[in-house]
Amino acid sequence: QVQLVESGGGLVQAGGSLRLSCAASGRTFSSYAMGWFRQAPGKEREFVARISRSGGRTRYADSVKGRFTISRDNAKNTVYLEMNSLKPEDTAVYFCAADDDGYSANYYSADAYDYWGQGTQVTVSS
């Protein structure tokens, strides 16, 4: 079991940057692969980024690759999402998720993740 709390969302102009954080409870954070998903109004929850337990492997959705960077600090039980060159279409609620299997071939699917935060709103104005 792990509890996740996102922070860092807000309102930013197109082209700007935000850094999201996800703080995890417990002492087993390093045993989870972590992901970021987002959900816009009326849309399905979509994959954004994933990072392995050690932080050595990352994956990104094509829509954010080159603009977003996922990272983790296992000593702080925290995963981050650095978002640069933001676009209005990035507007969504962003969710942090934990995969207690450590690895999943279906990393891009929300069904692969076992624990979710409540989300933080990111709004990008044009």
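Counting heavy atoms of the protein chains alone, Trp116 has an accessible area of about 80 Å² for a 1.4 Å probe. Each part gets one Cα centre, and for region 20-41 versus region 43-71 those centres are 12 Å apart. Pairs of Cα atoms nearer than 8 Å and 6+ residues apart set the relative contact order; for the chain it is 36 percent. Computed in the context of the full set of protein chains, the accessible area of the chain at 1.4 Å probe radius has 43% of its extent on carbon or sulfur.
The heavy atoms of Ser63 present about 60 square angstrom of accessible area, all protein chains included, probe 1.4 Å.
The values are calculated or read from the model by the stated rules, or taken from the named source; none is laboratory data. Small disclaimer: the values here were computed from a predicted structure and weren't measured. These accessible areas exclude ligands, DNA and RNA; they are computed on the full protein's heavy atoms, side chains included. Shrake-Rupley method; radii C 1.70, N 1.55, O 1.52, S 1.80 Å.
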